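*Asks:* Got a structure here, written out as structure tokens. Questions coming.
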Protein chains: 2
Amino acid sequence: MSPKITVELLRQLRQAMRNSKYITGPIQAYIVPSGDAHQSEYIASCDCRREFICGFSGSAGTAIVTEQHAAMWTDGRYFLQASQQMDNNWTLMKMGLKETPTQEDWLISVLPENSKVGVDPWIIAADQWKNMSKALTSAGHSLVAVQENLIDAIWLDRPPRPSTKLITLGLKYTGMTWQEKVTALRAKMSERKISWFVVTNLDEIAWLFNLRGSDIEYNPVFFAYAIVGMGTIRLFIDVKRMADPAVREHLQLDAPSTVEMTVQVAPYESVYTELQAICAALGPRDKVWISDKASCALTEVIPKAHRAPIPYTPLCLAKAVKNATEIQGMKMAHIKDAVALCELFAWLEKEIPKGTVTEISAADKAEEFRSQQKDFVGLSFPTISSVGPNGAIIHYRPLPETNRTLSLNEVYLIDSGAQYTDGTTDVTRTMHFGTPSAFEKECFTYVLKGHIAVSAAIFPNGTKGHLLDSFARSALWESGLDYLHGTGHGVGCFLNVHEGPCGISYKTFADEPLEAGMIVSDEPGYYEDGSFGIRIENVVLVVQAKPKYNYRNRGSLTFEPITLVPIQVKMINTDLLTEKERDWVNEYHRQCRVTVGAELERQGRKEALEWLIRETQPIA
Amino acid sequence: MSPKITVELLRQLRQAMRNSKYITGPIQAYIVPSGDAHQSEYIASCDCRREFICGFSGSAGTAIVTEQHAAMWTDGRYFLQASQQMDNNWTLMKMGLKETPTQEDWLISVLPENSKVGVDPWIIAADQWKNMSKALTSAGHSLVAVQENLIDAIWLDRPPRPSTKLITLGLKYTGMTWQEKVTALRAKMSERKISWFVVTNLDEIAWLFNLRGSDIEYNPVFFAYAIVGMGTIRLFIDVKRMADPAVREHLQLDAPSTVEMTVQVAPYESVYTELQAICAALGPRDKVWISDKASCALTEVIPKAHRAPIPYTPLCLAKAVKNATEIQGMKMAHIKDAVALCELFAWLEKEIPKGTVTEISAADKAEEFRSQQKDFVGLSFPTISSVGPNGAIIHYRPLPETNRTLSLNEVYLIDSGAQYTDGTTDVTRTMHFGTPSAFEKECFTYVLKGHIAVSAAIFPNGTKGHLLDSFARSALWESGLDYLHGTGHGVGCFLNVHEGPCGISYKTFADEPLEAGMIVSDEPGYYEDGSFGIRIENVVLVVQAKPKYNYRNRGSLTFEPITLVPIQVKMINTDLLTEKERDWVNEYHRQCRVTVGAELERQGRKEALEWLIRETQPIA
């Protein structure tokens, strides 16, 4: 990996920072955040501006260029990668280390008095703007919104914004028409006396309109904004996409049922002026909902007195609770996914001894098997396929220069998932194809105990996920071990594999109470640096539980595994399991055998079926 | 309990709200919060202003009086009591119910336009002021500081502020001279570039100067403020208290070792003008620490640019981590406390069958036995002595009209503690003196399992207490049960029985990471309304644990019980215990027998010793 040469780019950017074509007065620093205008987790290549200017391609990082300096902040996952991808014009700011200054402190330390710091207000979230602006102002500087993006100004071969074909989803997949979703949303708006809701998250727009796209890799979304009022629905999107007859029909563009259900389509970029027009006509008591993570540019359009920022939008909450059709679809998707993984593991068992399977080829094979399944659309995130020491790198992704060969001597960890039209999957299994060491088995068993402790937990309605996180760690803690990531995240239904507002983590922000119908991952792990990584991940559905008593009629919840892929018994030190844990494993494997076995049989996948039956024998 | 008649008082207060003697212009509402100027949990009778105006004597509640209305907000613990103590001039605002408006919303709904709402800025915390002021301002009203307290103005027989004799604590009890504490505090101040620290919490002042008082019941503190600079120490206190030669000697008032260690004593009330003088002389980079819970009045003296509000002061954190001498003292105090409780339980066993023991007489007997122990000072909180259904009232305190007789048919719960010169205790035991029902035993056993799960937990250094809370609930949750309070609180050393900044609760605020030397309570419970209450509470010390591995050299922690009072085996359904839990009970009882047994023997308390030996027989 050789660093990107940025001398000329930095010269051009600094020129732009003084160029009156773009800015009213010179700015002394320019901030280049990671994200896009929708605060997406994965971004389109046209939005990879930070990578363009500094070379660093990781998912998180902020670059800041001043007249004299260029610095880039990223976290521990990416220290090595960033140092390899950036040339020496750049200073790597290692976040999380005590000696590393914050962006604010660093700016204040290097800027001349009364400096102006510029940023594209479309890329920075309103709350981030607020914090940065406050810090700079208190030091005598100011944060200014630069309307023209200065990276775009110097990025000559910047790819166009994608405008892929839209997929329309019928009731069979969604369980609810978009009109019903709009009606439910309006009911929530009127309950809270909200006149308008500005939808900025791409997955919320996709969910609301029962549409999907492929503008961004892994996330089946499309670039758009929406503004919903009590009597109007506006969709801001590349209007060319509305030429598709299926889309026209789906949105009833040519024959709307009522005025209130008429979708008014306008160009993507016109959201700004349209929102301005809406805000100009607001009554004194009108309130406008917008996510507090929305861009500063759009947030500022709404006069403060009318703005009702919310941490979680009603769509985010509604989307998180899956309906019966979505649950059914998620279950089907996971059965198909399990078929593909049974095929993969049966194939690996045969091929690994030949010494020809690598992390990359195994990942490719997994994708190949998945792509044979009905309604396969693509992967839901880049496959983590890792052998031995690579398994200890939590966000590892195999590259030609790191690619290891699978063998009978090392632990193999594969964390992968796919998008199917009926659901999204995400599963991690850790396997040994030879004889695992006692320590590997011991650690695997603690992780398994943690996985079961969460999966089998019974807890009251209204419990927040962070209260379950320690269950996943208890067995590891008892032996002095731990893992440095959360235990679970929300999973979308043929949508983003990571979605809010619920999860299971020691971090307590971003955590709405769990309720029946929510779907999250359960993925404790253990990572022995330089040696191996272990993670056991199922996607689980929150369901009603019926314990013996029902304190204050609150009701209880538990989880039902949706992922149905055997957990390698060879890796378990059964002496460390309690009777209850052993029963859980046997019951889980029985379900895998029955449900996935039937599908393997139906698909005539004999070898994989044999593998499944062998791997799901009860443990004594 | 008959309500307080408040017609005349309200008339007088409303008159004061218009009286130019107290205020520059009429105010339309006056807020009477619960607290004192130090945000103390327990308050002196001269500070019971809210009780004076409305009659309600509970520990939490805020009264607001407007020209037309009078309303009082309190929480679920006190709905019944408040409704009995207040006459019909008052509206009870039941906090936590959906239909109950917040104080802000209610004020906005009842006030005429452009109203002024008054409050004593010494009683309201700076952060509360900020929130209230913001809400009122946004609705066109304003919050104004009324310097003269309007309740005091009409409270003719208001008791004087207590000024009790001070107790000086030597190294034998504190392990650290006050000079060493000042030096350590200054080191933290200079590390954070802080010039001054305004100490407002009474327990922090008591801890810093190694002094105790009895101005407030249960909490051995005294009314004072302190301001510590790098070269000066100012103590604001009733100067008459400095006449005591022991105090003069202790504080070295007549022969200070150095200028930096000279305590300058000034009248309690002069803190305001002295802080003004200090602030007038601040350099441009000087920062002043003050708790964000400090009074609005004192906080506002410090110009915003110089103010460094902190959620936990360095004294709060230092005080929470007990040194070896304090730990030794706490252990001694708990052994003496256990002696008293063994006496109590042996006595109860004998007396209950006679039908003459009541909740109140049992509580009195407990106090009598405690008072026989060396260095006994007083109780650390009002004893909760409750029989049968009264046990289900979590904050119950026996009163003549609720007083029940202990019998062989009902569960008895006693939550009590004392102040000894060497330490503070807090212990809850739940006993049955006849034959408990299967359901009572089942619930008791779940609570015990939760207690053990926390007490025996091993967890990494730096873990916050809220991550352990679910361990205490897991067994209850599994059967659909729960309890609606936190699991534990910090405990002071001959100081407040409830202290920050650590604890074990599902609430995640007020929660600093646990570290070795901290002392907290572990007190899960179960409450069956109208029937019985169960709680098992030990005070536990955070200690280093030595598990098999040591991930990333973080180190591990666990708890060591300091409370050594038998847990009634008769209440345990041993079939529900795991082997590990049974071993924990047996080992705990062995420790009780050895340690407390030796002390009972030394004190020649034969009957109690026999009871102890009987109650600590191993379970099979």
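The values are calculated or read from the model by the stated rules, or taken from the named source; none is laboratory data. These numbers were taken from a predicted model, which means no experiment stands behind them. No Cβ is skipped: glycine too gets one built from the backbone with ideal geometry, and neighbour counts run over all protein chains shown. Side chains are part of the model used for accessible areas, which takes the heavy atoms of the whole protein and leaves out ligands, DNA and RNA. Shrake-Rupley method; radii C 1.70, N 1.55, O 1.52, S 1.80 Å.
*Asks:* Output the number of residues of the stretch A:563-620 satisfying the condition of being out of contact with any Leu (no Cβ under 6 Å at 6 or more places or on another chain) and not in a helix (DSSP H, G or I).
*Replies:* 17
*Asks:* Considering each of B:Glu67, B:Glu41, B:Glu51 in turn, give the residue that is farther than 28 Å from B:Glu204 by Cα, out of contact with any Cys (no Cβ under 7 Å at 6 or more places or on another chain), open to solvent by 20 Å² or more (accessible area, probe 1.4 Å) and not β-branched (Val, Ile, Thr). Spell out the reasoning first.
*Replies:* On the way: B:Glu41 fails: farther than 28 Å from B:Glu204 by Cα; B:Glu51 fails: farther than 28 Å from B:Glu204 by Cα.
Exactly one residue qualifies, and that residue is B:Glu67.
*Asks:* Tell me, which helices (runs of 4 or more DSSP H) lie completely within the stretch A:133-200 with 1 or more residues that are modelled with pLDDT under 95, open to solvent by 30 Å² or more (accessible area, probe 1.4 Å) and acidic (Asp, Glu)? Working first, answer last.
*Replies:* Details: elements: A:150-154, A:171-174, A:178-191.
Ranges flagged: A:178-191.
*Asks:* Quick one: count up the residues across the stretch A:208-228 that are under 13 Å from A:Ile167 (Cβ atoms) and charged (D, E, K, R).
*Replies:* The number of residues fulfilling the criteria is 2.
*Asks:* Quick check on the stretch A:527-562: of everything there that is closer than 20 Å to A:Asp482 by Cβ and not in a strand (DSSP E or B), which residue is least open to solvent (accessible area, probe 1.4 Å)? I'd like the intermediate steps shown before the answer.
*Replies:* Taking the stretch A:527-562 as the starting set, the residues that turn out to be closer than 20 Å to A:Asp482 by Cβ are A:527-537.
From what is left, the residues that are not in a strand (DSSP E or B) are A:529-531, A:536.
Values: A:Asp529: 101, A:Gly530: 67, A:Ser531: 49, A:Ile536: 2 Å².
Within the stretch A:527-562, the match that is least open to solvent (accessible area, probe 1.4 Å) is A:Ile536.
*Asks:* Okay, next question. Evaluate the stretch A:427-439: report whether one residue or more is more than 12 Å from chain B (Cβ to nearest Cβ) and of a type in the set (D, E, K, R).
*Replies:* The answer is yes; a qualifying residue exists.
*Asks:* When the stretch B:442-474 is examined, which residues are found to be more than 10 Å from every other protein chain (Cβ to nearest Cβ), in a helix (DSSP H, G or I) and farther than 19 Å from B:Tyr527 by Cα?
*Replies:* B:Val454, B:Ser455, B:Gly465 - these are the residues of the stretch B:442-474 that are more than 10 Å from every other protein chain (Cβ to nearest Cβ), in a helix (DSSP H, G or I) and farther than 19 Å from B:Tyr527 by Cα.
*Asks:* Within the stretch A:26-38, restricting attention to residues that are open to solvent by less than 20 Å² (accessible area, probe 1.4 Å) and of a type outside the set (Val, Ile, Thr), which residue is modelled with the lowest pLDDT?
*Replies:* Within the stretch A:26-38, the subset open to solvent by less than 20 Å² (accessible area, probe 1.4 Å) is A:27, A:29-32, A:35-38.
Adding the requirement that they be of a type outside the set (Val, Ile, Thr) leaves A:29-30, A:35-38.
Working: A:Ala29: 98, A:Tyr30: 98, A:Gly35: 90, A:Asp36: 96, A:Ala37: 96, A:His38: 97.
My answer is A:Gly35.
*Asks:* Examine the stretch B:29-38 for a residue that is under 20 Å from the mean Cα position of the chain (by Cα) and without any contact (Cβ under 8 Å) to a residue 40 or more places away in the chain, and state whether such a residue exists. Walk me through how you get there before you give the answer.
*Replies:* At the first step, the residues of the stretch B:29-38 found to be under 20 Å from the mean Cα position of the chain (by Cα) are B:33-38.
Now restrict to residues that are without any contact (Cβ under 8 Å) to a residue 40 or more places away in the chain: B:34.
Yes, some residue in the stretch B:29-38 is under 20 Å from the mean Cα position of the chain (by Cα) and without any contact (Cβ under 8 Å) to a residue 40 or more places away in the chain.
*Asks:* Further, regarding this structure: Say whether the condition of being touching a Phe, Trp or Tyr at 6+ places or on another chain (Cβ under 7 Å) and within 13 Å of another protein chain (Cβ to nearest Cβ) is met by at least one residue in the stretch B:563-583.
*Replies:* Among the residues of the stretch B:563-583, not one is touching a Phe, Trp or Tyr at 6+ places or on another chain (Cβ under 7 Å) and within 13 Å of another protein chain (Cβ to nearest Cβ), which makes the answer no.
*Asks:* Which of the residues that make up the stretch A:574-594 are open to solvent by 50 Å² or more (accessible area, probe 1.4 Å) and of a type outside the set (Asp, Glu)?
*Replies:* Applying the first criterion (open to solvent by 50 Å² or more (accessible area, probe 1.4 Å)) to the stretch A:574-594 yields A:574-576, A:578-580, A:582-583, A:587, A:590-591, A:593-594.
Result: A:Thr574, A:Leu576, A:Thr578, A:Lys580, A:Arg582, A:Arg590, A:Gln591, A:Arg593, A:Val594.
*Asks:* Right, next: Return only the number of the condition from (1) touching a strand residue (DSSP E or B) at 6+ places or on another chain (Cβ under 8 Å); (2) more than 29 Å from B:Thr463 (Cβ to Cβ); (3) open to solvent by 30 Å² or more (accessible area, probe 1.4 Å) that B:Met571 does not satisfy.
*Replies:* Condition (3) is where B:Met571 drops out.
*Asks:* Here's something else I'd like to know. Mind checking whether some residue in the stretch B:106-121 is at positive phi, free of Cβ contacts under 8 Å to residues at least 60 places away in the same chain and more than 28 Å from the chain's Cα centre (by Cα)?
*Replies:* Looking only at the stretch B:106-121, we keep the residues that are at positive phi, and these are B:114.
Right, trim to free of Cβ contacts under 8 Å to residues at least 60 places away in the same chain and you get B:114.
Narrowing the set further to residues that are more than 28 Å from the chain's Cα centre (by Cα) leaves B:114.
Taking every residue of the stretch B:106-121 in turn, at least one turns out to be at positive phi, free of Cβ contacts under 8 Å to residues at least 60 places away in the same chain and more than 28 Å from the chain's Cα centre (by Cα).
*Asks:* Pairs under 8 Å by beta carbon, first residue in contact (Cβ under 8 Å) with a residue 60 or more places away in the chain in the stretch B:342-357, partner of a type in the set (D, E, K, R) and part of a loop (DSSP other than H, G, I, E, B), six or more apart or different chains?
*Replies:* Sorted first by the residue in the stretch B:342-357, then by its partner, the pairs are B:Cys342/B:Arg605; B:Glu343/B:Arg605.
*Asks:* For the stretch A:475-526, how many residues are aliphatic (A, V, I, L, M), crowded, with 20+ Cβ neighbours inside 10 Å, within 22 Å of A:Thr430 (Cα to Cα) and within 14 Å of chain B (Cβ to nearest Cβ)?
*Replies:* The qualifying residues number 4.
*Asks:* Looking at the stretch A:310-341 only, could you name the residues that are small (Gly, Ala, Ser), over 12 Å from A:Asp426 (Cα atoms) and under 21 Å from the mean Cα position of the chain (by Cα)? If you could, list the steps in order and put the result at the bottom.
*Replies:* Looking only at the stretch A:310-341, we keep the residues that are small (Gly, Ala, Ser), and these are A:318, A:320, A:324, A:329, A:333, A:338, A:340.
Still in the running and over 12 Å from A:Asp426 (Cα atoms): A:318, A:320, A:324, A:329, A:340.
A:Ala318, A:Ala320, A:Gly329 - these are the residues of the stretch A:310-341 that are small (Gly, Ala, Ser), over 12 Å from A:Asp426 (Cα atoms) and under 21 Å from the mean Cα position of the chain (by Cα).
*Asks:* Can you tell me which residues in the stretch A:597-612 are closer than 17 Å to A:Glu349 by Cβ and surrounded by 13 or more Cβ atoms within 10 Å (Cβ to Cβ)?
*Replies:* Restricting attention to the stretch A:597-612, the residues satisfying the condition of being closer than 17 Å to A:Glu349 by Cβ are A:600, A:605-612.
Residues satisfying the conditions are A:Leu600, A:Arg605, A:Glu607, A:Ala608, A:Leu609, A:Glu610, A:Trp611, A:Leu612.
*Asks:* Could you please find all residues in the stretch B:368-397 being part of a loop (DSSP other than H, G, I, E, B) and open to solvent by 30 Å² or more (accessible area, probe 1.4 Å)?
*Replies:* Taking the stretch B:368-397 as the starting set, the residues that turn out to be part of a loop (DSSP other than H, G, I, E, B) are B:372-375, B:380-383, B:393-397.
Across the stretch B:368-397, the qualifying residues are B:Gln372, B:Lys374, B:Asp375, B:Ile393, B:Ile394, B:His395, B:Arg397.
*Asks:* Identify all residues within the stretch A:293-342 that are outside any loop (DSSP other than H, G, I, E, B), among the aliphatic types (A, V, I, L, M) and closer than 18 Å to A:Ala126 by Cα; write none if there are none. Explain how you work it out, then say what you get.
*Replies:* Taking the stretch A:293-342 first, the residues outside any loop (DSSP other than H, G, I, E, B) are A:295-301, A:304-310, A:314-321, A:324-342.
Pick out the ones that are also among the aliphatic types (A, V, I, L, M) and you get A:297-298, A:301, A:305, A:308, A:310, A:315, A:317-318, A:320-321, A:324, A:327, A:330, A:332-333, A:335, A:338-341.
Answer for the stretch A:293-342, where residues must be outside any loop (DSSP other than H, G, I, E, B), among the aliphatic types (A, V, I, L, M) and closer than 18 Å to A:Ala126 by Cα: A:Ala297, A:Leu298, A:Val301, A:Ala305, A:Ala308, A:Ile310.
*Asks:* Considering only helices (runs of 4 or more DSSP H) fully contained in the stretch B:202-282, which possess at least 1 residues that are at pLDDT 95 or above, open to solvent by 20 Å² or more (accessible area, probe 1.4 Å) and basic (Lys, Arg)?
*Replies:* Numbers: elements: B:202-209, B:245-250, B:271-280.
So the answer is B:245-250.
*Asks:* Now a separate question. Report yes if B:Ser407 is closer than 29 Å to B:Leu600 by Cα and surrounded by 18 or more Cβ atoms within 10 Å (Cβ to Cβ), otherwise no.
*Replies:* Numbers: closer than 29 Å to B:Leu600 by Cα: yes; surrounded by 18 or more Cβ atoms within 10 Å (Cβ to Cβ): no.
Judged against the criteria, B:Ser407 is not a match.
*Asks:* Got a sec? Which of B:Glu359, B:Glu349 is of a type in the set (Asp, Glu) and open to solvent by 40 Å² or more (accessible area, probe 1.4 Å)? If you could, list the steps in order and put the result at the bottom.
*Replies:* Numbers: B:Glu359 fails: open to solvent by 40 Å² or more (accessible area, probe 1.4 Å).
B:Glu349 is the lone residue from the list that is of a type in the set (Asp, Glu) and open to solvent by 40 Å² or more (accessible area, probe 1.4 Å).
*Asks:* Quickly run through the stretch B:287-308 and pick out the residues that are surrounded by 17 or more Cβ atoms within 10 Å (Cβ to Cβ), out of contact with any Lys or Arg (no Cβ under 9 Å at 6 or more places or on another chain) and not β-branched (Val, Ile, Thr).
*Replies:* Result: B:Ser291, B:Lys293, B:Ala294, B:Ser295, B:Ala297, B:Leu298.
*Asks:* Working only within the stretch B:73-106, note down all residues that are of a type in the set (A, V, I, L, M) and touching a Cys at 6+ places or on another chain (Cβ under 7 Å). Show your work before the answer.
*Replies:* Within the stretch B:73-106, the first condition is being of a type in the set (A, V, I, L, M), and the residues that meet it are B:80, B:82, B:86, B:92-93, B:95, B:97.
The one that is of a type in the set (A, V, I, L, M) and touching a Cys at 6+ places or on another chain (Cβ under 7 Å): B:Met86.
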